[in-house]
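Take a look at the structure below.
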Amino acid sequence: MCKTLQGFGGLSRELEAEEPDSEAPRAKASEAFAEGEVDGCLPGVPEVYDASGFPDLNLESGDGHLSIFELLGRGVSGCRVHRCQSTQIPVPSLAGKVLPLGKATFPDMVEDFGKEMEMMKSLPAHDSIVAFHGAWSTERYMDSGVQHKAYVMLLELCSSSLESVIRSRREQQQPFLAAELLHVLKQVAAGLAHCHRHRVLHRDLKSANIWLCSPAEAAAEVLDLCSMAAKIGDFDAAKASSRAQTPVQTPHFMAPEVAAQTGEDYGPAADIWALGCVVFEMLELGLPYGEDLTLPQLEAALVAGEGPTLSDRAAAESRAKHVVEIMDQCLKKEPSARPTAEEVMSCLEAGPGGRCDAMPERPERARAILDRVEGWQNSVLPKRRFGEDRIQTSPWIWQEEDALVGKKKYRITQMYRHISEQASERILCQGFGHFRCPAIINVGDPGQAKKDIEQQLEFISEAKKKKRLEEMLVGAEPPIIVFVNQKKAVDVLSKSLDNNGYRVCSIHGGKSQEQREWAMNSFKEGRYDILVATDVAGRGLDIEGVQRVINFDMPKTIEDYTHRIGRTGRAGLKGLAISFVTPEDSEIFYDLTNFLKSSNQVVPPELASHPASKFKPGTVNEHGQVMGRKLVDQVVFAKK
């Protein structure tokens, strides 16, 4: 008789009930543990292994409350998984990931165990992540009659792995139903999105590391897949960073940029490729690329960016077409062409023929979806919302105009922006030519700064800006946003501040969307105190508690100035906006003076007395000089 016990960490082991093996001492020990005679120890005086040469993880002893029961599986990293209980945790059974400090253990295993433990501690709990319940040490772990010190990480005990379910379906020749595919993949995408939002790369996503948990009130064998919770586990290869270099993924799930080993960083898109491989495995009921390829052949296929190909049977499954499309997007060779985990979630939630929300920065994907998804025109366009901040800039205008031509005759189009301007009216009334009776609704006082923002201007030379900024940052309460005008200046300034010991991150239009998202999320979560940015961060972002905004470079227009300083003084809080002003910023002086007056702010004498503040830019005086600009700009009148 053979039964399979499932645990955590990609570990499963068939225990032969009728054939004794080397695990007999441990089986006897589990009986002792169950009776509560000795926590984790055989009766008698066993041999004790010396663990003094291993790194100390400084964990509290769990010997007073921790009980270790039968072995569930073994891992290649030296860990074993046991069923455990703790009187401090109100859960009937837990999966204990145990690292014994024995002869087969090496110091780097202990370091990796410690890293995984810290990772699980720092990652906020989520329904689609295997729950972490704590970590302790024990001096009483038994292995073949030898007592060891061991580190124990207690995790949620799940019913089975997705890998074992796929294997069972393959043996029974029973493909997954569309509802089962969507149910599992939605949860996996949600867990992956949660990791990426918190700057965690999993780096070893595969079916063996996706766990299925049954509801507590029912037995797993009587439940179908749609009633089980899918959770991502096994974070021993994960890294708390937005980028990584070391290739650690399982070969059949490895992304091309990881397999290439060029030394360049890879990011969350590598996890998305692995997610596509998981989708493939569920559709095909077999490993991506099959099991016949040698490692060199597999590596060559990966480096070439050749994604796995579905068999005719899997490809012909009409119920899976929607999922196949998502898989194809995840298995794009270029990392930047793959969707984010959030976008995968959106497409899965939409279901077949539904709407997949594309990121605003990716209009080409929105256009492709618009052309491809059946039923889009009739069900979505009548109530679609366009983000006008994006729509007003090329090439959005022409793409959206093309999208509207020939579609449903009557519909409602809604556009939103934080401050209305002439460009908005021009788009509404003329740009598309498809709007009937356009209406503009302004909330509040457009173009005006909040009274809760104190605005300070400092006239300074370009050469002294950096030193003055560092003086301001000493003792300043975070979070702080520093705005500059050029992408290169963002990189230079953020690197300089980082070298001086400040916790600083940066965003600009030259960075990828995922890089910008990582930086913004890290800044919001308090991992960094200072954000250096161009006007990419000036519009539409609601960052809680920003204490001050510093315009290291003065913006070119008063609208950009309004957007920038509006990042502070939000939700009824006071804010401070400081701007460095140089003579080269004279084109904004006139509007800036009026803006300060209208918001009851002090106009500095240097600004009030400057000639450019008295005339609107472009005004020509009787001498042919263009006022509000440098005096070298003159209008020359030629006589006939």
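Starting from the range 94-123, take each residue that is closer than 12 Å to A51 by Cβ and list its partners that are part of a strand (DSSP E or B) and among the hydroxyl-bearing types (S, T, Y), counting only C-beta distances under 6 angstrom and pairs at least six apart or across chains.
These pairs meet every condition: L99/Y151; P100/Y141.
Show me the helices (runs of 4 or more DSSP H) entirely contained within the range 224-334 in which 3 or more residues are at pLDDT 80 or above.
Values: elements: 256-259, 269-284, 295-303, 312-316, 321-330.
Once the helices (runs of 4 or more DSSP H) in the range 224-334 are filtered for at least 3 residues that are at pLDDT 80 or above, what remains is 256-259, 269-284, 295-303, 321-330.
Just give me the residues in the range 450-504 being free of Cβ contacts under 8 Å to residues at least 24 places away in the same chain and touching a strand residue (DSSP E or B) at 6+ places or on another chain (Cβ under 8 Å), in sequence order.
D491, D498 - these are the residues of the range 450-504 that are free of Cβ contacts under 8 Å to residues at least 24 places away in the same chain and touching a strand residue (DSSP E or B) at 6+ places or on another chain (Cβ under 8 Å).
Let's see how each residue does on (1) touching a His at 6+ places or on another chain (Cβ under 9 Å); (2) over 26 Å from A193 (Cα atoms); (3) among the charged types (D, E, K, R):
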| residue | (1), (2), (3) |
| --- | --- |
| L94 | yes, no, no |
| D112 | no, no, yes |
| K121 | no, no, yes |
| S128 | yes, no, no |
| S137 | no, yes, no |
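Out of all the residues in the range 548-558, is one or more in the same structural domain as I460 (by TED's automatic domain parsing), touching a Leu at 6+ places or on another chain (Cβ under 9 Å), of a type in the set (V, I, T) and closer than 27 Å to E342 by Cβ?
For the range 548-558, residues in the same structural domain as I460 (by TED's automatic domain parsing), touching a Leu at 6+ places or on another chain (Cβ under 9 Å), of a type in the set (V, I, T) and closer than 27 Å to E342 by Cβ: absent.
Among the residues of the range 159-175, which ones are of a type outside the set (D, E, K, R) and either within 23 Å of P92 (Cβ to Cβ) or in contact with a Leu (Cβ under 7 Å, 6 or more places away or on another chain) (or both)?
S159, S160, S161, L162, S164, V165, I166, P175
Can you name the residue in the range 268-290 that is of a type in the set (G, A, S) and in contact with a helix residue (DSSP H, G or I) (Cβ under 6 Å, 6 or more places away or on another chain) and, of all such residues, is nearest to Q329 (Cα to Cα)?
Taking the range 268-290 and keeping what is of a type in the set (G, A, S), we get 269-270, 274, 276, 286, 290.
This time we only want the ones that are in contact with a helix residue (DSSP H, G or I) (Cβ under 6 Å, 6 or more places away or on another chain), so: 269-270, 274, 276.
Details: A269: 11, A270: 13, A274: 12, G276: 8 Å.
Out of the qualifying residues, it is G276.
Every residue in the range 267-286 that is surrounded by fewer than 24 Cβ atoms within 10 Å (Cβ to Cβ) and of a type in the set (F, W, Y), please.
If the condition is that a residue be surrounded by fewer than 24 Cβ atoms within 10 Å (Cβ to Cβ) and of a type in the set (F, W, Y), then no residue fits.
Which of the residues belonging to the range 490-515 are of a type in the set (K, R) and touching a Lys or Arg at 6+ places or on another chain (Cβ under 9 Å)?
Filtering the range 490-515 for residues of a type in the set (K, R) gives 495, 503, 511.
If the condition is that a residue be of a type in the set (K, R) and touching a Lys or Arg at 6+ places or on another chain (Cβ under 9 Å), then R503, K511 are the ones that fit.
For the range 516-537, name all the residues that are of a type in the set (S, T, N, Q) and over 16 Å from the mean Cα position of the chain (by Cα). Walk me through how you get there before you give the answer.
Filtering the range 516-537 down to residues of a type in the set (S, T, N, Q) leaves 521-522, 534.
Correct list: T534 only.
For the range 492-500, indicate whether the set of residues that are crowded, with 18+ Cβ neighbours inside 10 Å, among the hydrophobic types (A, V, I, L, M, F, W, C), more than 20 Å from the chain's Cα centre (by Cα) and in a helix (DSSP H, G or I) is non-empty. Please lay out each step first, then the result.
So in the range 492-500, the residues crowded, with 18+ Cβ neighbours inside 10 Å come out as 493-494, 497.
Okay, now just the ones that are also among the hydrophobic types (A, V, I, L, M, F, W, C), so 493, 497.
So of that shortlist, the ones also more than 20 Å from the chain's Cα centre (by Cα) come out as 493, 497.
Among the residues that remain, those that are also in a helix (DSSP H, G or I) are: 493, 497.
Yes; the residues of the range 492-500 include at least one that is crowded, with 18+ Cβ neighbours inside 10 Å, among the hydrophobic types (A, V, I, L, M, F, W, C), more than 20 Å from the chain's Cα centre (by Cα) and in a helix (DSSP H, G or I).
Among the candidates Y141, Y151, single out the residue that is farther than 23 Å from R197 by Cα, part of a strand (DSSP E or B) and more than 33 Å from the chain's Cα centre (by Cα).
Y141
The values are calculated or read from the model by the stated rules, or taken from the named source; none is laboratory data. Just so it is clear, the structure is predicted and the values come from calculations on it, not from any experiment. Every residue, glycine as well, gets a Cβ built from its backbone with ideal geometry; the counts of neighbours run over all protein chains shown.
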